[in-house]
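The values are calculated or read from the model by the stated rules, or taken from the named source; none is laboratory data. Just so you know, these numbers come straight off a predicted model, no measurement behind them. FYI the Cβ positions are ideal-geometry reconstructions off the backbone, even for glycines, and counts take in every protein chain you see. The accessibility values were calculated without ligands, DNA or RNA, using every heavy atom of the protein model including side chains. Shrake-Rupley method; radii C 1.70, N 1.55, O 1.52, S 1.80 Å.
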Amino acid sequence: MSCGFGGDPAGWEYLWYKDTQGAALPNTDSSRTDGSSYTISSAALSHSGEYWCRAARGRGPFYSEYSNSTVLNITAHPQAVVTMEIGWTEIFTSGSLSLRCEVLGISAEWNYTWYRDGEQIPLDHPGETLTVRSGNGSYQSEYKCRGIQSEHPTHSKISEGILLADEFYRAVENLVRMFVSVAVLIFLSIIVSDAFLRRMRRIKMCCGAPGEERDQTSHLNTS
C-alpha cells in the first residue's frame with residue numbers, strides 16, 4: 001500500500017495505522033514501512049482490517065491529516081486432502097492404487113497438481129484422481145496434491161503427504177487382527193463345544209438314559 005499527498009515529499013516520514021487512528025504500526029518480520037509504502041511480506045488473516053496513513057516531519061512533529069481508509073481482506077487458502085480410494089483388503093490383489101485429492105469447504109471446480117516425494121508429477125490431464133501402479137518404488141513414495149483455480153487465480157494449501165508403504169503396513173496389521181480374531185473365535189468355540197460334550201457325558205453316566213430307571217424298577221417288582 002502506498003501513501004502520498006500533494007506537497008513536496010522530501011523530509012516526510014510516513015506512518016501507518018490499522019483499525020484505529022492511535023498508535024502507528026511498528027515494523028515487524030512480516031510487515032514494514034518502506035518510504036511511503038507499507039509492505040506485508042507474509043500475509044496472514046491477522047493482517048485483515050482497515051488501514052490509514054499520514055505523514056509527519058520535524059521534531060514536533062508536524063502531522064498531516066489522516067488519509068482516507070482502505071480495507072484489506074485476507075482469506076486463507078483452503079486445505080487440500082489426499083486419500084486412498086481402494087479398500088485395504090484390495091491392496092494385496094490389485095496392481096494399482098487410486099489416490100483422490102479434495103479441497104475442503106470449497107465446491108468450485110478445481111484443477112489438481114500432484115507431487116511424488118516433493119517433485120511435481122508431469123501429467124497431461126491432471127485430475128482429482130491419481131492412479132499409482134506398482135513397480136519402480138512407487139509404493140514406497142509419499143504423495144501430495146494441491147488444487148488450482150485458473151479463473152481467479154488461486155490455489156489451495158498443499159495436502160499432507162500419504163505414504164503408501166504405511167498404508168500397506170496398516171493393511172497387514174488389519175489382516176493379522178482379522179486372522180487372530182477368527183482364530184480366537186474358533187479356539188473358543190472348540191473349548192465350549194468340548195466342555196459341553198463332557199458335561200453331557202457326565203449327566204448320562206450319573207443319571208442314565210430316561211427309560212433305564214423305569215425298566216430297572218419294573219424288574220425288581222416282578223422279582
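Within region 199-217, the residues that satisfy the criterion of being open to solvent by less than 100 Å² (accessible area, probe 1.4 Å) and at pLDDT 70 or above are Met200, Ile203. Filter region 64-78 down to residues that are surrounded by 14 or more Cβ atoms within 10 Å (Cβ to Cβ) and touching a Leu at 6+ places or on another chain (Cβ under 9 Å), then give me how many there are. Matching residues across region 64-78 total 1. Residue pairs whose Cβ atoms lie under 8 Å apart, separated by 6 or more positions or on different chains, with the first residue in region 70-83 and closer than 30 Å to Cys53 by Cβ and of a type outside the set (Gly, Ala, Ser) and the second assigned to a strand (DSSP E or B) and open to solvent by 60 Å² or more (accessible area, probe 1.4 Å), are Thr70/Glu50; Val71/Glu50; Leu72/Glu50; His77/His155; His77/Lys157. Of the residues making up region 122-129, at least one is out of contact with any strand residue (DSSP E or B) (no Cβ under 8 Å at 6 or more places or on another chain), of a type outside the set (Gly, Ala, Ser) and modelled with pLDDT of 80 or more. Are any residues in region 119-134 in contact (Cβ under 8 Å) with a residue 12 or more places away in the chain and open to solvent by 60 Å² or more (accessible area, probe 1.4 Å), and if so, which ones? Glu128, Thr129, Thr131, Arg133, Ser134, listed by residue number. Under 9 Å between Cβ atoms, at least 6 apart or on separate chains: pull out the pairs that start in region 135-149 with a residue that is farther than 17 Å from Ile162 by Cα and end on any residue that is open to solvent by 60 Å² or more (accessible area, probe 1.4 Å). These pairs meet every condition: Ile148/Asn111; Ile148/His155; Gln149/Ile106; Gln149/Glu109; Gln149/Asn111; Gln149/His155. The residue that is modelled with the highest pLDDT, counting only those in region 88-120 that are within 17 Å of Arg133 (Cα to Cα) and part of a loop (DSSP other than H, G, I, E, B), is Asp117.
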